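The values are calculated or read from the model by the stated rules, or taken from the named source; none is laboratory data. This structure is a prediction, so every number in the text was calculated from the model and none was measured. When we count neighbours, we look across all protein chains shown, and the Cβ atoms used for this are built from the backbone with ideal geometry, even at glycine. Only protein heavy atoms, including side chains, enter the accessible area calculation; ligands, DNA and RNA are left aside. Shrake-Rupley method; radii C 1.70, N 1.55, O 1.52, S 1.80 Å.
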Amino acid sequence: MSEAMIKLGVPSKGRLMEKTFDWFGQAGITLKRTGSEREYAGAVEGAEGVQLVLLSAGEIPRELAAGRIHLGVTGSDLVREKLADWESQVADLAPMGFGHADLIIAVPACWSDVDSLEDLDAAAHRFRATHGFRLRIATKYHRLVREFLTREGVADWQLVDSQGATEGTIANLTAEAVADITSSGETLRANHLKILSDGLIHQSQATLFASRAADWAGQESRLAGLAQQLGLPAPTL
């Protein structure tokens, strides 16, 4: 029987994969794809007993929570959105300094009297009184947006699911506001939207997480050694 390995889940393509490879490379650990672009196979050099698992960034929170991978790199927004009570399921080992994006609430730029959450609350109340249904906010981040608006005391809204082109939902008359990830704000401005002054929900970045559900038996010293190699404190799981 082959020796158990620490399974490291990494985004399988794009800049997140490349930046993750670079981040580990700075610590002398080489991550690389093997085989064809379609195989999602990989190899690790410079860290004994670590197996590379290539997954989509959106799958990594689920695999961490299930304990099928020990470590995973994904956006902090995805972990918080996909995992209820996320801190009980994964440990946040290290922010990695790339993949920055803000989850924000934006409204039409022509709403001159709506600049804050308090204004949005008032506008939503007026909207419901006028139209007979709650103001619609398009998003794919249902958990984070719901928790944020509830905590901030905003009422009379409903979430509309949007898995892509969220900024266009207002022009398409399927929503009145949006909650979405943005890095530069250019797409928002191109669609004549503005971010509420206090509408920042979460500042996301790529983060190295450890699974609390994975089988760490016999892996403690290996994990401690890997953490030391990466310049991180020894994790407590």
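Brief remarks follow.
- Test: residue in the stretch 198-212 that is among the β-branched types (Val, Ile, Thr), in contact with a helix residue (DSSP H, G or I) (Cβ under 9 Å, 6 or more places away or on another chain) and farther than 26 Å from Asp121 by Cβ: yes
- Yes/no for Asp161 being farther than 14 Å from Ile137 by Cβ and either without any contact (Cβ under 8 Å) to a residue 40 or more places away in the chain or open to solvent by 70 Å² or more (accessible area, probe 1.4 Å) (or both): no
- Members of the stretch 117-134 that are in contact with a strand residue (DSSP E or B) (Cβ under 6 Å, 6 or more places away or on another chain) and either within 17 Å of Glu152 (Cβ to Cβ) or of a type in the set (S, T, N, Q) (or both): Leu117, Ala124, Arg134
- Only listed residue being assigned to a strand (DSSP E or B) and at pLDDT 95 or above, chosen from Val154, Val178: Val178
- Restricting the stretch 111-138 to residues that are in a helix (DSSP H, G or I) and within 28 Å of the chain's Cα centre (by Cα), the residue that is surrounded by the most Cβ atoms within 10 Å (Cβ to Cβ): Leu120
- Residue in the stretch 188-207 that is open to solvent by 70 Å² or more (accessible area, probe 1.4 Å) and touching a Cys at 6+ places or on another chain (Cβ under 8 Å) present: yes
- All of (1) surrounded by 20 or more Cβ atoms within 10 Å (Cβ to Cβ); (2) in contact with a helix residue (DSSP H, G or I) (Cβ under 8 Å, 6 or more places away or on another chain); (3) touching a residue at least 24 places away in the same chain (Cβ under 8 Å); (4) farther than 11 Å from Thr207 by Cβ hold for Val90 with one exception: (4).
- Residue count for the stretch 202-224, restricted to those that are part of a helix (DSSP H, G or I) and touching a residue at least 24 places away in the same chain (Cβ under 8 Å): 2.
- Any hit, the stretch 14-27, residues being β-branched (Val, Ile, Thr), within 22 Å of Asp215 (Cβ to Cβ) and either over 18 Å from the mean Cα position of the chain (by Cα) or buried (at least 19 other Cβ atoms within 10 Å of the Cβ) (or both): no
- Single match in Ala106, Ala57 (criterion: touching a strand residue (DSSP E or B) at 6+ places or on another chain (Cβ under 6 Å), over 22 Å from Leu232 (Cα atoms) and open to solvent by less than 10 Å² (accessible area, probe 1.4 Å)): Ala106
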